[in-house]
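Reading through the structure tokens given below for one structure.
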Amino acid sequence: MTDFSPLVFSGVQPTGNLHLGNYLGAITRFVEMQKSHACIYCVVDMHAITVWQDPKELARNTREVTAAFLAAGIDPAAHIVFNQSQVAAHAELAWVFNCVARMGWLNRMTQFKEKAGKHRENASVGLFAYPTLMAADILVYRATHVPVGEDQKQHLELSRDIAAKFNHDFAESIAAHGFGDAFFPLTEPLITGPATRIMSLRDGTKKMSKSDPSDFSRITLTDDADAIALKIRKARTDPEPLPSELDGLKERPEAENLVGIYAALAGVTREEVLRDHGGSQFSAFKPALADLAVTTMAPIAAEMRRLLEDPGHIDGVLTDGADRARGLAAATMDGVKDIVGFIHRSIAAG
Ligand code: AMP
Ligand code: TRP
């Protein structure tokens, strides 16, 4: 099998209300991966417009996600941070993938069904094709590892299916152009840790989401200390004290969620949280969790505010990242065009 150098890619949509689930499930993992891998982190503004976005809000939210990346500790000089729409190759490769992926595959995507709801006929074509653009985001860099939350698992499986079908359908041409037996890697999803699925603070059976109508369902990265403490105080729980073992969290989604949040914020396992807090009532556990959340999140919120005061600097980071990403993507697209049989003038990478 063709050897691919390890490369991490992930994306976050600039759709507002960036929350603790995004932070713990995705952004902290992005930060971690930088130590061991070359990383590319993308603010996926083209994915955002699959549902209507106010243009001014979209630009503001793009800067906000970028500020969150930087405030959390992503290094845009050592790695690459950019917004998707600045690198046209994503859309270009997505078109090729639209012709590789099958209608039946996309019809099975649960996120489309959830987002389109009863108004399927009225959903944008982009919302339906969302996963082929996501596959293009990853594969235009031939990335091998993708850290995401649990909700993206199905989309990543589709990326692997697209890569495999492209490698299969064009096998002869791939070999003839000197790319061995595979042009695209089968990307590994990285869905691990205690926070791959943070739930709503109002309902332990629903994931914490940017689009929940209740602001009390999520802690956002711009909440101040009072808001964080209030939301945790008001979080739904059951009347039982915390158990001392993981088994005792079964059928207690709200308790399980708060323990998971505590573990992720403290950087310990859920077992360790229960060892220290087993037997506590929520009246004691919630203030401890609120303190921990405030201490962890307040410096990030402060740094985000500082960065957002200088939008010119943020735009500079994105433009510089896009320039470097474009060079990498162009090399892949030259290969894709050769393989598919498109006549093109090879653009030097760089
Ligand atoms: P999105 O806001 O949909 O662009 O998601 C950005 C990243 O955050 C993706 O990797 C998601 O899987 C992750 N994510 C979103 N919501 C949650 C959640 N409630 N718990 C854990 N991870 C999440
Ligand atoms: N679909 C992802 C989400 O909503 C965002 C995303 C777009 C992404 N392209 C990606 C994540 C590529 C990982 C890799 O969370």
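The values are calculated or read from the model by the stated rules, or taken from the named source; none is laboratory data. Because the structure is predicted, anything quoted here is derived from the model rather than measured. With ideal geometry, Cβ positions are generated from the backbone for all residues, glycine too; neighbour counts draw on all protein chains shown. Calculation scope for accessible area: heavy atoms of the full protein, side chains included, ligands and nucleic acids excluded. Shrake-Rupley method; radii C 1.70, N 1.55, O 1.52, S 1.80 Å.
Could you state the accessible area per residue of the range 135-291 in Å², with a 1.4 Å probe and every protein chain left in place?
Working: 7150 Å² over 157 residues.
Value for the range 135-291: 46 Å² per residue.
Could you tell me what a quarter of the Cα convex hull surface of the range 40-157 works out to, in nm² with one decimal place?
On the way: hull surface 32.3 nm².
Across all orientations, the range 40-157 yields a mean hull projection of 8.1 nm².
For ALA288 and THR205 in one chain, what is 0.36 nm times their gap in residues minus the Cα-Cα distance, to one decimal in nm?
27.6 nm
Could you give the length gained by full extension between ALA91 and GLU172, i.e. 0.36 nm per residue of separation minus their alpha carbon distance, to one decimal place?
Details: separation 81, 0.36 × 81 = 29.16 nm, distance 2.52 nm.
Working it through step by step, the gained length comes to 26.6 nm.
On a full-extension model of 0.36 nm per residue, what is the gain between GLU121 and MET103, subtracting their alpha-carbon distance, rounded to one decimal in nm? Let's see the in-between values first.
Details: separation 18, 0.36 × 18 = 6.48 nm, distance 1.52 nm.
This chain segment gains 5.0 nm when fully extended.
For the range 149-306, compute Rg over Rh where Rg is the Cα radius of gyration and Rh is the Kirkwood radius from the inverse mean 1/r over Cα pairs.
On the way: Rg = 21.0 Å, Rh = 18.1 Å.
Rounded to two decimals, Rg over Rh is 1.16.
When a/c is below 1.5 the answer is rounded, else prolate if a/b is larger than b/c, else oblate, so apply that to the range 288-336 with a ≥ b ≥ c taken from the square roots of the Cα gyration tensor eigenvalues. Kindly include the intermediate steps, with their values, before the conclusion.
On the way: a/c = 8.01, a/b = 2.20, b/c = 3.64.
It comes out oblate by the Cα gyration axes.
Report, to the nearest whole %, how much of the accessible area of the range 204-293 belongs to carbon and sulfur atoms, 1.4 Å probe, protein only.
Numbers: 2170 of 4510 Å².
Accessible surface attributable to carbon and sulfur in the range 204-293 totals 48 percent.
When only Cα pairs under 8 Å and 6 or more residues apart are kept, what is the percent relative contact order across the range 125-251?
Working: 117 pairs, mean separation 25.0, N = 127.
Result for the range 125-251 is 20 percent.
Kindly state, to the nearest 0.05, the FRET efficiency for THR110 paired with VAL340, given R0 = 22 Å and r defined as their beta-carbon distance. Could the numbers behind the result be given before it?
Numbers: r = 30 Å, r/R0 = 1.38.
Calculated value: 0.15.
Protein chains only, probe 1.4 Å: how do ARG236, ARG218 rank by accessible area, largest first?
Details: ARG236 125, ARG218 10 Å².
Listed by decreasing accessible area, they come as ARG236, ARG218.
For the range 262-333, state which GluC sites (Glu not before Pro) are in a DSSP loop and have at most 12 other beta carbons lying within 10 Å of their beta carbon.
Values: sites: GLU271, GLU272, GLU303, GLU309; in loops: GLU309.
Filter output for the range 262-333: GLU309.
Return the tail of the calculated pair distribution for the range 109-153, meaning the percent of Cα-Cα pairs more than 13 Å apart. Let's see the in-between values first.
Numbers: 614 of 990 pairs.
Distances greater than 13 Å cover 62 percent of the Cα pairs.
Need the C-alpha centroid separation for the range 212-270 versus the range 12-26, integer Å.
17
Considering only ASN17, PRO55, PRO194, whose Cα is most displaced toward the positive end of the charge dipole of the chain, charges sitting on Cβ of Lys, Arg (+1) and Asp, Glu (-1)?
PRO55
Among DSSP beta bridges whose residues both lie in the chain, state the antiparallel percentage, nearest 5.
On the way: 2 of 15 bridges.
Once the DSSP bridges in the chain are tallied, antiparallel ones form about 15 percent.
Okay, helix-only estimate at 222 nm for the chain: each DSSP H run of n ≥ 4 adds -39500 (n - 2.57), divide by all residues, round to 500 deg cm²/dmol; what do you get? All intermediate terms of the calculation are to be shown ahead of the outcome.
Values: 14 runs with 177 residues, N = 350.
Rounded to the nearest 500, the figure is -16000 deg cm²/dmol.
Could you give the distance between the Cα centres of the range 161-178 and the range 179-206, to the whole Å?
Here the answer is 25 Å between Cα centres.
Rounded to the nearest angstrom and ordered from largest down, what semi-axes does the equivalent ellipsoid of the range 133-183 get from its C-alpha gyration tensor (root of 5λ)? Walk me through the numbers on the way to the answer.
Details: eigenvalues 115, 23, 12 Å².
They are 24, 11, 8 Å, listed largest first.
Compute the Cα gyration tensor for the range 237-339, then decide on rounded, prolate or oblate, letting a ≥ b ≥ c be the square roots of its eigenvalues: rounded whenever a/c is under 1.5, prolate when a/b is larger than b/c in the other cases, and oblate in all that remain. Write out the running numbers ahead of the final one.
On the way: a/c = 4.56, a/b = 2.01, b/c = 2.27.
In terms of gyration-tensor shape, oblate.
Accessible surface of HIS19 in the full protein assembly, 1.4 angstrom probe, to the nearest 10 Å²?
That residue has around 10 Å² of solvent-accessible surface.
Would you calculate the convex hull of the Cα atoms in the range 12-66 and tell me its volume per residue in Å³? Show your work: numbers first, answer last.
Working: hull volume 4.2 nm³, N = 55.
Normalising the Cα hull of the range 12-66 by residue number yields 77 Å³.
Hey, what's the range 9-104 come to in accessible area per residue, 1.4 Å probe, Å²? Don't skip to the answer; put the middle values down first.
On the way: 3560 Å² over 96 residues.
Per-residue value: 37 Å².
Highest mean first, how do 289-301, 56-68 rank when packing is the count of other Cβ atoms within 10 Å averaged over residues?
On the way: 289-301: 17.5, 56-68: 20.6.
With the highest mean Cβ count within 10 Å placed first, the list reads 56-68, 289-301.
At most 15 other C-beta atoms within 10 Å and a DSSP loop state: those are the exposed chymotrypsin sites (Phe, Trp or Tyr not before Pro) I care about. Give me the longest piece of the chain that has none. Please list the in-between numbers first.
Numbers: sites that count: PHE4, TRP52, PHE342.
The segment 53-341 is the longest one with no such site.
Compute a Gaussian network model of the chain, connecting alpha carbons closer than 10 Å, and tell me which residue from GLU92, GLU114, GLU245 fluctuates the most.
Of the options given, GLU114 has the highest mean-square fluctuation.
Any idea how far apart ALA298 and SER280 come out in nm if each label point goes 7 Å out from Cα toward Cβ?
Using points 7 Å along Cα→Cβ, the separation is 1.8 nm.
GNM, the chain, Cα, under 10 Å: largest mean-square fluctuation among ALA255, ALA175, ALA71?
Highest fluctuation among the options: ALA175.
Taking the Cα centroid of the range 96-146 and of the range 276-320, what is the distance between the two, rounded to the nearest whole Å?
32
According to the Kirkwood expression over distinct Cα-Cα pairs, how big is the hydrodynamic radius of the chain, in Å? Provide the component values of the computation, followed by the final result.
Working: mean 1/r = 0.0467 Å⁻¹.
Hydrodynamic radius (Kirkwood, Cα only) of the chain equals 21.4 Å.
Leaving out ligands, DNA and RNA, what percent of the accessible area of the range 143-194 is carbon and sulfur, probe 1.4 Å? All intermediate terms of the calculation are to be shown ahead of the outcome.
Values: 1170 of 2250 Å².
Exposed carbon and sulfur together represent 52 percent of the surface.
Under a 1.4 angstrom probe, counting protein chains only, how are LEU7, LEU242 ranked by accessible area, largest first? Present the calculation step by step, with values, prior to reporting the outcome.
Numbers: LEU7 30, LEU242 5 Å².
Of LEU7, LEU242, the descending order of accessible area is LEU7, LEU242.
Rounded to the nearest 0.05, what FRET efficiency is calculated for ARG306 and TRP52 with R0 set to 35 Å and r the Cβ-Cβ distance?
Values: r = 31 Å, r/R0 = 0.88.
Efficiency, from the Cβ-Cβ distance: 0.70.
Per residue, how much space in cubic angstrom lies within the convex hull of the C-alpha atoms of the range 96-188?
90
More than 14 Å apart: what percent of Cα pairs in the range 261-302 qualify?
Details: 425 of 861 pairs.
The answer is 49 percent, as a whole percent.
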